[in-house]
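*Asks:* Mind looking over this structure? Questions follow.
Derivation of every value follows stated rules applied to the coordinates shown; laboratory data play no part. Keep in mind that this is a model prediction, so the values were computed, not measured. Every residue, glycine as well, gets a Cβ built from its backbone with ideal geometry; the counts of neighbours run over all protein chains shown.
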Amino acid sequence: MKKLINSSLFRQSCYINGQWVDNAKTISVTNPVDQSVLGTVPSLSIEQVNDAIIKAHQAMEGWGKLTAKARSIILRRWFTLIEDNIDDLGRLMTLEQGKPLQEAKGEIRYAASFIEWFAEEGKRVYGETIPQTVTSNRISTIKQPIGVCSAITPWNFPAAMITRKAAPALAAGCSMIIKPASETPFTALALAALAEQAGIPAGVFNIVTGESRVLGELLTKHELISKFSFTGSTQVGRQLYAQCASTIKKTSLELGGNAPFIVFEDADIDKAVDSAIQAKFRNGGQTCVCVNRFYIHDDIYEQFLEKFADKVAKLRVGNGLDEETDIGPMITARAISGMAELVKDALAKGARQLVLGHEIVEQGNFINPKVLVDVDDSMDIVHEEIFGPIATLIRFYDEEEVIKRANNTIYGLAAYFFSKDIRRVYRVAEKLQSGMVGVNTGMISNEVAPFGGVKQSGLGKEGSRYGIEDYLSVKYLCIDVA
Ligand code: NAP
């Protein structure tokens, strides 16, 4: 932290109603590289979070009345400040989350892009006129900010999961209270420091930290909150969704995935291999759209495997601040023991682990990338989210069979496949049960496209022109002109 250019970005207090707020009770935040303590954040009391909600409700009044253009100008300032502070924000993120510095900076750019995008989209929130059924009636709709919004976000994308929610909410005229993951609150608080500097009015953007169950109860059940947005595991999402039912809140859920990556016999193998590396090992495999299952056609299986294993063997594991690092530490040791269980089950059921010759000794939160072959659908690793740098290769023989196997999961977030046959491209893309499909690419996330899942991967879309709709309510006006 001492190496930050702008040390004011390192905040150990919550940001509520334009004030930096503390509490005697705190939570320690550690560096996943060596578990050293980076700092602390407050574990807020129920009363403090309740106060944040009341203040956000009061602040919405003025913010919602501004013109979309006025809000856009302020959001644009926030975007510019984030871009200007990218080196510090990237460093903060690597320190608390572990991802390689270049990836962290990439996430900051991605996070900022949502603010830029929604600053513009806010100006294009149109109502409509509708042909009447009674001659004297005139029917139209207007869109209004939905109200105070709350959000709970995960540790794997400490900046982007915040701006993907806050930017559309603020652009629509709502205020927002966000609880970041306890592992990665400093990136969130740095974003709040820049929001303050950008002139976002007090109470419009708030960051609260503390015990997740306690804060989660308030953020999902409070009557002054109209909308709740969550990104995290399906298990926690299911519980929070139920909590929202008590006050019938509008809810968006971006949950877990089990992405298949299918390589057909007519694919460009080199391209598929390069994309496989990106789609599997980005953020050390700790990404909701990361590949969980590689289905490779029998005709090209050996060819793909050889090239893929060769590239995996070259991935370097280490401290994210070292320039050579491709894979940083996992977020917790618990995450590694979960993966070890999945590997154990797969090996017991007949999978084989390739020897790739990585030099680093596995210790602490560090784990070498692994490739498992001879994997089949009886193994837990095929059905559960791995969330780490372990690739599982499965052989398949025909199109119908692989679609059926790819869809055999409760999840439906991302899917990828590689083929040069345009007829197959449409056929397979239409049949895959997932909210997003990458065809001949492993990189699908950007601010202009609708991100979101089907089945138990979630509800709603983030980013794109759809992303702002969740923060608006449509009011219908029926006017008798007789
Ligand atoms: P997680 O355990 O569900 O935690 C996510 C957030 O929920 C954290 O802020 C956590 O707070 C909070 N939380 C946990 N238990 C809670 C409870 N009982 N009540 C209220 N809040 C609670 O997930 P994670 O391990 O951080 O993140 C990984 C998961 O997120 C994966 O399944 C991944 O696929 C998913 N994800 C999905 C997307 C997407 O867009 N679909 C994007 C990124 C990640 P504390 O940290 O304070 O406990």
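*Asks:* Could you give P(r) for the stretch 158-202, binned at 10 Å from zero, as whole percent values over all Cα-Cα pairs?
*Replies:* In whole percents, the pair-distance histogram is 25, 62, 13.
*Asks:* Pop the C-beta distance of residue 334 and residue 140 into the FRET formula with R0 = 60 Å and round what comes out to the nearest 0.05. Could you put the intermediate results ahead of the total?
*Replies:* On the way: r = 54 Å, r/R0 = 0.90.
The formula returns an efficiency of 0.65 here.
*Asks:* Name all residues of the stretch 199-226 having a backbone nitrogen under 20 Å from the label point set 7 Å from the Cα of residue 70 along its Cα→Cβ direction, giving them as ranges.
*Replies:* 199-206
*Asks:* Ignoring everything except DSSP H segments at least 4 long, calculate the 222 nm mean residue ellipticity for the chain; use -39,500 (n - 2.57) per segment, divide by total residues, nearest 500.
*Replies:* On the way: 14 runs with 182 residues, N = 482.
Mean residue ellipticity at 222 nm (helix-derived): -12000 deg cm²/dmol.
*Asks:* Students often check this: by mean Cβ neighbours within 10 Å, which of 468-478, 249-259, 71-81 ranks highest, and how do the rest follow?
*Replies:* Listed from highest to lowest mean packing, they are 249-259, 71-81, 468-478.
*Asks:* Can you pull a Stokes-Einstein diffusion coefficient for the chain at 25 °C (0.890 mPa s), Rh from Kirkwood over Cα pairs, as a whole number of µm²/s?
*Replies:* 105
*Asks:* Name the lysines eligible as straight-distance cross-link partners of residue 55: C-alpha to C-alpha under 21 Å, and not fewer than 8 places from it in the same chain.
*Replies:* Counting by Cα, and skipping residues close in sequence, residue 55 has these lysines nearby: 65, 165, 179, 221, 227, 249, 250.
*Asks:* Next up: Between residue 398 and residue 430, what is the FRET efficiency for a Förster distance of 22 Å, r being their Cβ-Cβ separation, to the nearest 0.05?
*Replies:* That pair, residue 398 with residue 430, gives E of 0.80.
*Asks:* Ordered by residue, what ³J(HN,Hα) values in Hz, to whole numbers, does the stretch 55-60 give under the Karplus form 6.51 cos²θ - 1.76 cosθ + 1.60, where θ = phi - 60° and Gly and Pro are x?
*Replies:* 5, 5, 5, 5, 5, 4
*Asks:* Using the crude model of +1 on Lys and Arg Cβ and -1 on Asp and Glu Cβ, and no other charge, please compute the dipole size for the chain relative to its Cα centre, in debye to 20.
*Replies:* With Lys and Arg at +1 and Asp and Glu at -1, about 1560 debye.
*Asks:* A further question follows. Taking the 0 to 90 degree range and rounding to the nearest ten, how far is the long axis of helix 212-221 tilted relative to the main principal axis of the chain, both from C-alpha atoms?
*Replies:* The angle comes out near 50 degrees.
*Asks:* Where nothing but the Cβ of Lys and Arg (+1) and of Asp and Glu (-1) is charged, how large is the charge dipole of the stretch 253-383 around its Cα centre, in debye to the nearest 20?
*Replies:* Result for the stretch 253-383 is approximately 480 debye, rounded to the nearest 20.
*Asks:* Please find the FRET efficiency linking residue 378 to residue 299, where r is the Cβ-Cβ separation and R0 is fixed at 22 Å, and quote it to the nearest 0.05.
*Replies:* The pair residue 378/residue 299 has a calculated efficiency of 0.40.
*Asks:* Let me ask something else. Which length gain, in nm to one decimal place, applies between residue 83 and residue 46 when the Cα-Cα distance is subtracted from 0.36 nm times their residue separation?
*Replies:* The span from residue 83 to residue 46 would gain 9.9 nm if fully extended.
*Asks:* As a test, work out the antiparallel percent of DSSP beta bridges whose residues both lie in the chain, rounded to the nearest 5. Numbers along the way, then the final one.
*Replies:* Working: 26 of 63 bridges.
Just about 40 percent of them are antiparallel.
*Asks:* A further question follows. Mind checking the angle between helix 422-431 and the chain's longest principal axis? C-alpha axes, 0 to 90 degrees, to the nearest 10.
*Replies:* Helix 422-431 sits roughly 60 degrees off the main axis of the chain.
*Asks:* Considering amide H positions built from the backbone, and no H for Pro or chain starts, which residues 5 or more places from residue 391, or on another chain, come under 5 Å of its amide H?
*Replies:* Close amide H contacts, sequence-distant or interchain: 370, 371, 372.
*Asks:* To continue, here is another question. Considering amide H positions built from the backbone, and no H for Pro or chain starts, which residues 5 or more places from residue 146, or on another chain, come under 5 Å of its amide H?
*Replies:* 472, 473
*Asks:* Here's a follow-up. Helix 86-97 against the longest principal axis of the chain: what's the angle in degrees, Cα atoms only, rounded to the nearest 10?
*Replies:* Rounded to the nearest ten degrees, it is 60.
*Asks:* Report for the stretch 259-439 the percent antiparallel among DSSP-assigned beta bridges with both residues inside it, nearest 5.
*Replies:* 10
*Asks:* To continue, here is another question. How big is D, in µm² s⁻¹, for the stretch 259-439 by Stokes-Einstein at 10 °C and 1.306 mPa s if Rh is the Kirkwood radius over C-alpha pairs?
*Replies:* Answer from the Stokes-Einstein relation: 96 µm²/s.
*Asks:* Taking the Cα centre as origin and putting +1 on Lys and Arg beta-carbons and -1 on Asp and Glu beta-carbons, what dipole magnitude results for the stretch 399-463, to the nearest 20 debye?
*Replies:* The dipole of the stretch 399-463 has a size of about 160 debye.
*Asks:* Right, something else. Taking Cα centroids, how far is the stretch 41-86 from the stretch 251-313 in Å?
*Replies:* 39
*Asks:* List the residues whose amide H sits under 5 Å from the amide H of residue 21, counting only those 5 or more places along or on another chain, with H placed 1.01 Å from N in the peptide plane.
*Replies:* 14, 15, 16
*Asks:* Which one of 15, 140, 247 is farthest out on the positive end of the charge dipole of the chain, using unit charges on Cβ (Lys, Arg +1; Asp, Glu -1) and the Cα centre as origin?
*Replies:* Checking the options against the dipole of the chain, the answer is 140.
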